[in-house]
Amino acid sequence: MKDTTRKLIEADRKYVWHPFTQMADWGACEPVIIESGEGFYLVDTEGRRYIDGFSSLWCNVHGHKVGKIDDAIRAQLERVGHSTLLGLGQVKSIELAERLVGITPEGLNKVFYSDSGSTSVEIAVKMAYQHWQNRGCRKRKKFIALVSSYHGDTIGSVSVGGIELFHGIFRSLLFETFFVPSPHPYGFDGSAQECKEDSLNKMEGLLKRYGEEIAGIVVEPLVQGAAGMIVHPQGFLRGARELADKYKTLLIVDEVATGFGRTGKMFACEHEGVRPDLMCLAKGITGGYLPLAATLATDEIYESFLGHVSEHKTFYHGHTYTGNALGCAAALASLELFEENGIIESLGEKIGIIEEALKPMKSLAYIGDVRQCGMMAGIELVKDKASGESFESEAMVGAKVCAAMRAKGAMLRPLGDVIVLMPAVAMGVELLKELLCIVSDTVENDLPGIVRGV
Ligand SMILES: *Cc1c(COP(=O)(O)O)cnc(C)c1O
């Protein structure tokens with residue numbers, strides 16, 4: 001190991017507190033320190049190259065060091081790095097808002113910027129809440145969300161989150177939310193359609209009982225990412241839209257993970273022709289370069305905030321870096337690349353390649369379920385294939401499998417014992433195949449040995 005790497009690792013251990021990480025274990029393994037990126041590769045301080053198989057945590061779109069995005073950021077730097085949207089306009093934030101309204105489902109005409117997926121959901125929840133207050137429907141104060149959903153880590157977004165491991169400890173800090181079982185066909189006693197109906201019926205049960213109190217229904221459309229790539233049965237999202245309409249509440253769609261091509265279309269909502277009332281965007285919005293997020297709202301919601309200042313209908317929310325100019329410039333360049341490179345049109349072939357590679361894995365030992373929605377996939381590892389019994393979480397089987405892949409030059413990060421495969425949507429077919437070969441080889445040839453060792 002180089003002396004410089006050793007020093008960096010020492011300083012990292014001494015000063016950096018890593019997210020979602022048990023730091024007591026951090027010292028035990030040798031961390032990889034990323035120094036640069038090149039296309040779809042990450043390069044560490046030892047010069048080792050890894051295929052970025054998880055899009056640098058689900059946000060990278062066109063690869064790293066992309067000329068067009070780099071140039072757009074540089075050009076913006078020549079003008080201004082940041083200026084506020086509180087009381088001032090900013091060129092790039094205006095151009096991007098117009099573009100976003102143009103590409104998102106019809107009806108979403110207003111763009112409210114922030115800087116992370118968590119804040120985009122926090123804002124949607126607060127907007128929905130205040131929308132009803134402003135309209136005089138004072139009882140509409142609660143939300144319906146799905147079990148195992150993930151909407152970010154701020155207190156509001158945690159309140160509509162349903163992952164016990166992450167959220168349980170904070171329960172007494174959170175506002176009360178109604179939870180509906182997620183439509184997860186794996187392990188459900190019945191068909192996928194029955195599973196969908198079961199969740200929708202339970203959602204309707206809550207709406208029947210508490211309809212007048214519900215400010216909105218919050219969902220991750222099509223795929224519950226952090227839950228372990230749970231793929232909803234077809235029609236669930238549309239069903240949720242219909243229920244929101246029937247009980248006159250709002251549908252909030254969190255496209256933070258699914259947006260910008262991940263599911264095979266620009267936005268997951270398009271698959272079921274759904275027009276949400278509020279839509280949350282982050283992760284891929286800048287091509288995975290900078291922290292930027294947007295919450296899009298309908299005119300109806302927007303207009304409920306209009307009035308004389310003395311009516312107190314103003315949305316008193318905003319962050320220092322709201323609508324950051326560098327982020328907006330990167331986002332505009334990323335959207336141009338989608339068009340220039342025909343990214344969405346190219347996805348059919350890539351999705352098919354992933355499907356073909358995943359198919360034979362279903363019958364392998366210790367693989368309970370294989371799920372895919374477009375360019376997002378999850379491979380669930382289990383102790384007992386027949387019963388679906390999980391491994392003890394302390395065994396860290398998922399992490400060990402990903403470590404084996406890393407040694408072969410592919411960077412992936414598991415969610416518990418679900419191996420997540422989320423290559424950048426712009427990744428070329430040949431590199432995608434190479435990545436899939438590493439994944440297949442590892443689950444076929446290394447997984448049984450890893451299981452024997454735990
Ligand atoms: C990642 C994610 C978030 C949170 O985004 P951050 O930028 O990490 O705050 C919210 N919702 C979904 C669906 C996500 O996948």
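Of everything in the range 396-427, what is part of a loop (DSSP other than H, G, I, E, B) and among the small types (Gly, Ala, Ser)? Give them in sequence order.
Result: Gly409, Gly416, Ala424, Ala426.
Yes/no per residue for (1) surrounded by 24 or more Cβ atoms within 10 Å (Cβ to Cβ); (2) out of contact with any helix residue (DSSP H, G or I) (no Cβ under 6 Å at 6 or more places or on another chain); (3) closer than 20 Å to Lys110 by Cβ:
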position: Gly239; (1), (2), (3): no, no, no
position: Asp245; (1), (2), (3): no, yes, no
position: Leu251; (1), (2), (3): yes, no, yes
position: Val256; (1), (2), (3): yes, no, yes
position: Arg275; (1), (2), (3): no, yes, yes
position: Ala282; (1), (2), (3): yes, no, yes
position: Gly287; (1), (2), (3): yes, no, no
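Residues Leu337, Leu332, Leu347: which one is in a helix (DSSP H, G or I), closer than 23 Å to Ala72 by Cβ and touching a Gly at 6+ places or on another chain (Cβ under 8 Å)? So that I can check it myself, show each step before the final result.
Values: Leu332 fails: touching a Gly at 6+ places or on another chain (Cβ under 8 Å); Leu347 fails: closer than 23 Å to Ala72 by Cβ.
Going through Leu337, Leu332, Leu347 in turn, just one is in a helix (DSSP H, G or I), closer than 23 Å to Ala72 by Cβ and touching a Gly at 6+ places or on another chain (Cβ under 8 Å): Leu337.
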Taking the residues in the range 21-58 that are touching a residue at least 40 places away in the same chain (Cβ under 8 Å) and within 16 Å of the ligand (Cβ to nearest atom) as candidates, determine which candidate is nearest to Met411 (Cα to Cα). Phe54
First in the range 121-134 and outside the structural domain of Ser157 (by TED's automatic domain parsing) and over 12 Å from Val218 (Cβ atoms), second anywhere and hydrophobic (A, V, I, L, M, F, W, C) and surrounded by 20 or more Cβ atoms within 10 Å (Cβ to Cβ), Cβ under 9 Å, 6 or more apart: none
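Taking the options Leu251, Leu278, Leu296, name whichever one is closer than 21 Å to Phe338 by Cα, in contact (Cβ under 8 Å) with a residue 12 or more places away in the chain and hydrophobic (A, V, I, L, M, F, W, C).
Leu296
Can we say Ala365 is farther than 28 Å from Leu96 by Cβ and either part of a helix (DSSP H, G or I) or of a type outside the set (S, T, N, Q) (or both)?
Numbers: farther than 28 Å from Leu96 by Cβ: yes; either part of a helix (DSSP H, G or I) or of a type outside the set (S, T, N, Q) (or both): yes.
Spelling it out, Ala365 is indeed farther than 28 Å from Leu96 by Cβ and either part of a helix (DSSP H, G or I) or of a type outside the set (S, T, N, Q) (or both).
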List every residue pair whose Cβ atoms lie under 8 Å apart, where the two residues are 6 or more positions apart in sequence or sit on different chains, the first residue falls within the range 322-333 and is at pLDDT 95 or above, and the second residue, located anywhere, is assigned to a helix (DSSP H, G or I) and of a type in the set (Asp, Glu). Cys328/Glu95; Leu332/Glu95; Ala333/Asp71
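Tell me which residues, restricted to the range 174-208, are outside any helix (DSSP H, G or I) and among the acidic types (Asp, Glu). If you could, list the steps in order and put the result at the bottom.
The initial filter retains those residues of the range 174-208 that are outside any helix (DSSP H, G or I), namely 174-191.
Of everything in the range 174-208, those that are outside any helix (DSSP H, G or I) and among the acidic types (Asp, Glu) turn out to be Glu176, Asp189.
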Single residue of Leu57, Leu42 found to be closer than 22 Å to Leu431 by Cα and either among the hydroxyl-bearing types (Ser, Thr, Tyr) or assigned to a helix (DSSP H, G or I) (or both): Leu57
Checking Thr5 against (1) farther than 22 Å from Thr258 by Cα; (2) assigned by TED's automatic domain parsing to the domain that holds Leu436; (3) surrounded by 12 or more Cβ atoms within 10 Å (Cβ to Cβ), which single condition isn't satisfied? (2)
Just one listed residue, out of Asp25, Asp12, is assigned to a helix (DSSP H, G or I) and at pLDDT 95 or above, and it is Asp12
Looking only at the range 63-122, which residues are within 24 Å of the chain's Cα centre (by Cα) and acidic (Asp, Glu)? Asp70, Glu98, Glu106, Asp115, Glu122
Taking the range 106-152 as the search range and keeping residues that are crowded, with 21+ Cβ neighbours inside 10 Å, among the hydroxyl-bearing types (Ser, Thr, Tyr) and closer than 17 Å to Ile285 by Cα, which one is farthest from the ligand (Cβ to nearest atom)? Tyr113
Give the residue, chosen from Thr84, Thr45, that is among the β-branched types (Val, Ile, Thr) and surrounded by fewer than 16 Cβ atoms within 10 Å (Cβ to Cβ). Thr84
Quick check, is Ala357 in contact (Cβ under 8 Å) with a residue 12 or more places away in the chain and in contact with a Leu (Cβ under 6 Å, 6 or more places away or on another chain)? yes
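Okay, residues lined up against (1) out of contact with any Ser or Thr (no Cβ under 8 Å at 6 or more places or on another chain); (2) closer than 28 Å to Ser390 by Cα; (3) more than 13 Å from the ligand (Cβ to nearest atom); (4) not assigned by TED's automatic domain parsing to the domain that holds Gly398:
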{"residue": "Thr154", "(1), (2), (3), (4)": "no, no, no, yes"}
{"residue": "Pro181", "(1), (2), (3), (4)": "no, yes, yes, yes"}
{"residue": "Ala192", "(1), (2), (3), (4)": "yes, yes, yes, yes"}
{"residue": "Lys196", "(1), (2), (3), (4)": "yes, yes, yes, yes"}
{"residue": "Gly211", "(1), (2), (3), (4)": "no, no, yes, yes"}
{"residue": "Val218", "(1), (2), (3), (4)": "no, no, no, yes"}
{"residue": "Val223", "(1), (2), (3), (4)": "no, yes, no, yes"}
{"residue": "Pro233", "(1), (2), (3), (4)": "yes, yes, yes, yes"}
{"residue": "Thr258", "(1), (2), (3), (4)": "yes, yes, no, yes"}
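With closer than 28 Å to Cys328 by Cα and either touching a residue at least 24 places away in the same chain (Cβ under 8 Å) or in contact with a helix residue (DSSP H, G or I) (Cβ under 7 Å, 6 or more places away or on another chain) (or both) as the only criterion, which of Val223, Val231 stands out?
Working: Val231 fails: closer than 28 Å to Cys328 by Cα.
Step by step, each of Val223, Val231 is checked, and only Val223 is closer than 28 Å to Cys328 by Cα and either touching a residue at least 24 places away in the same chain (Cβ under 8 Å) or in contact with a helix residue (DSSP H, G or I) (Cβ under 7 Å, 6 or more places away or on another chain) (or both).
State all residues of the range 234-248 that are within 14 Å of Val219 (Cα to Cα) and without any contact (Cβ under 8 Å) to a residue 12 or more places away in the chain; if no residue qualifies, say none. Working first, answer last.
The first filter runs over the range 234-248 and keeps only residues within 14 Å of Val219 (Cα to Cα), leaving 235-244.
The one that is within 14 Å of Val219 (Cα to Cα) and without any contact (Cβ under 8 Å) to a residue 12 or more places away in the chain: Glu242.
The values are calculated or read from the model by the stated rules, or taken from the named source; none is laboratory data. Everything numeric here is computed off the predicted structure, so don't read it as measured data. Because the Cβ atoms are built from the backbone with ideal geometry, glycine has one as well, and the counts that use them run over all protein chains shown.
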